[in-house]
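Here's the structure we're looking at; comments come further down.
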Amino acid sequence: MAFMTPNSLVFRPITTPKWALVSLVVVFGIAGGAVSVLLADNLFLLAALLVGLPLIALTMMNATRKMTLILLLAFVPITGLLKSITGVRFAALPFDLGIFAVCFWHFVSRLFNRRLPVEMLDALLGLFLLLALAEVFNSNVPGLQAGAEGFRKFAYMAIAFYAGRHILEDEDLRRFRNWLLILAVPISLYAIKQFFWVSALDQRIIDMAIETGRSSINPYMIKGQIRPFSTLSGPFHLGLYLMVTILLTLRQLQEDGLTRKLKWALTGFAALQMVALLLTQTKGNWVGLMAGTAALLVLQAKRGSLRIMRLSAAAAVGAVCVAAALSVVAAFSTTASHVLEDALTNVTHPTEAPTLQFRLSLWGDRILPAIANRPILGYGTSSAGEGLGGLYEHSLSYYFLSHNLYLKIVLELGIFGLALFLAILVLSLWRPRGEAPRGVAAANRDAALAVVAAFLTAGLVIPVLDAYPANYYFWLLLGALSVRRATREA
């Protein structure tokens with residue numbers, strides 16, 4: 001008997017039943033966690049223990065640690081849906097703690113076995129996290145809650161860099177890619193449904209964001225038209241997530257040995273995700289996708305014209321599907337059609353785009369003078385965190401909407417924080433001449449480079465590393481790129 005598994009995306013006999021065990025435990029853990037919040041207060045702790053202990057056990061055991069990490073990272077995009085079902089805005093916390101537990105137990109086991117090499121990049125990452133933690137107590141931060149939420153929203157996700165650098169190997173990264181691609185299909189379909197019809201469950205996500213002061217109605221609507229966010233927290237989060245999954249799908253199409261049916265399936269998946277990304281109307285993510293695709297084209301050009309033809313064909317199919325989607329949207333909604341046309345015009349004529357003009361004015365009139373006023377220490381972790389403005393109301397503290405990744409880092413962590421971030425980037429990507437082969441295979445390396453290029457480009461107009469959970473994926477893939485050994489220790 002044969003099944004399609006995320007390990008291969010091709011039909012082959014199942015030989016690793018532990019995957020089924022781990023998947024079952026994680027799925028039951030997610031479902032149990034959602035149900036547990038509905039129980040009486042005196043039963044909540046018991047339910048949390050019954051659900052949490054098996055998951056913690058999986059992170060402690062070497063045999064299941066990697067698989068648990070992969071599944072947690074793949075399923076974390078459903079947190080928006082969990083928030084709506086449970087009414088708890090911290091629904092993502094179990095995922096974050098589970099990912100931390102995997103990294104923690106791996107670190108501890110390597111430490112006790114004296115197999116923990118500490119290199120320059122590891123030291124820089126530690127300094128970056130320590131600086132962000134210290135900036136929680138910056139005099140400008142109005143309270144511990146604001147600082148803690150700002151830390152968790154941005155710098156905390158850098159723990160995935162450790163996972164990509166020290167825990168996951170090539171086969172694990174391939175499994176992660178395949179899981180992500182499979183789950184991107186229902187998430188994209190749900191987003192397209194959302195564009196035409198918003199359910200009570202969807203509305204609850206919007207209402208929770210407004211009620212808690214984490215957002216207003218503006219990010220979810222343009223001229224009365226909904227911007228889909230699927231099972232994530234908002235349209236920008238969904239757009240960034242789809243930017244990642246589209247690039248991974250395009251790179252998967254370049255694999256040798258794919259059957260014709262699988263090629264057509266992957267091309268259809270890519271087109272579906274492109275349509276969903278288009279409907280989010282997040283122009284920064286569109287530009288990021290273009291940059292990532294260009295990076296893939298350059299990488300594939302070094303390996304022969306056949307790969308360029310494959311990628312170009314997939315892009316052509318995607319363009320046809322986008323055109324078809326525009327036609328369907330125009331048929332169903334004139335308002336939505338005008339909104340999308342305006343967005344496309346802004347991308348093709350960026351100097352005339354009102355959003356870019358607004359950003360240029362904001363950066364020149366407010367952000368750069370603020371940085372000049374406090375260039376060294378900045379204003380503290382959370383002072384430029386997306387969705388945290390409500391925590392700064394009724395205080396004398398400064399809060400900024402940066403609309404730029406690099407300016408956000410300087411605002412929160414000062415120029416030293418930006419220097420650390422750029423140093424991690426450069427050392428992760430730079431390879432001296434004559435160096436031994438990297439520790440990641442070509443497919444994983446190409447996908448990671450494309451995603452990093454897309455993030456850094458989109459970061460020019462969006463603070464992308466505030467967008468959960470795609471910020472996890474950036475750090476994870478950057479960590480994988482940083483590996484320069486031909487092989488890794490298990």
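Quick notes on this one:
- The trypsin sites (Lys or Arg not before Pro) of the range 221-269 meeting both criteria, a DSSP state outside H, G, I, E and B (loop) and at most 10 other C-beta atoms within 10 angstrom of the site's C-beta, are Lys223.
- Each of Leu97 and Asn62 was given a label point 7 Å from its Cα along the Cα-to-Cβ line. The distance between the two points is 2.8 nm.
- Least to most buried among Met290, Met243, Met61 (fewest other Cβ within 10 Å first): Met61, Met290, Met243
- Residues Glu135, Glu393, sorted so that the one with the fewest Cβ neighbours within 10 Å comes first: Glu393, Glu135
- Chain lengthening between Ile217 and Ala294 when straightened (0.36 nm per residue, less Cα-Cα): 24.3 nm
- As a rough footprinting exposure proxy, the listed residues Thr355, Thr267 were ranked by other beta carbons within 10 Å of their own, and the order from fewest upward is Thr355, Thr267.
- In this simple spin-label approximation, Phe137 and Trp105 carry label points 7 Å from Cα along the Cα→Cβ vector, and these lie 3.2 nm apart.
- Formal net charge of residues neighbouring Leu277 (Cβ-Cβ distance under 13 Å; K, R +1; D, E -1): +2
- Rg over Rh [alpha-carbon atoms, Kirkwood Rh] for the range 108-174: 1.09
- Structure note, pairs Lys193/Lys261; Lys83/Lys408; Lys83/Lys153; Lys193/Lys283; Lys283/Lys408: Cα-Cα distances above 23 angstrom occur for Lys193/Lys261; Lys83/Lys408.
- Each residue, Leu201 and Ala123, gets one label point 7 Å from its Cα in the Cβ direction; the gap between the two is 5.0 nm.
Every read-out reported here was derived from the displayed coordinates using simple, explicitly stated rules and does not represent laboratory data. Predicted model, so just to flag it, every value in this text is computed and none were measured. Heads up, the Cβs are rebuilt from the backbone with ideal geometry, glycines too, and the neighbour counts pull from every protein chain shown.
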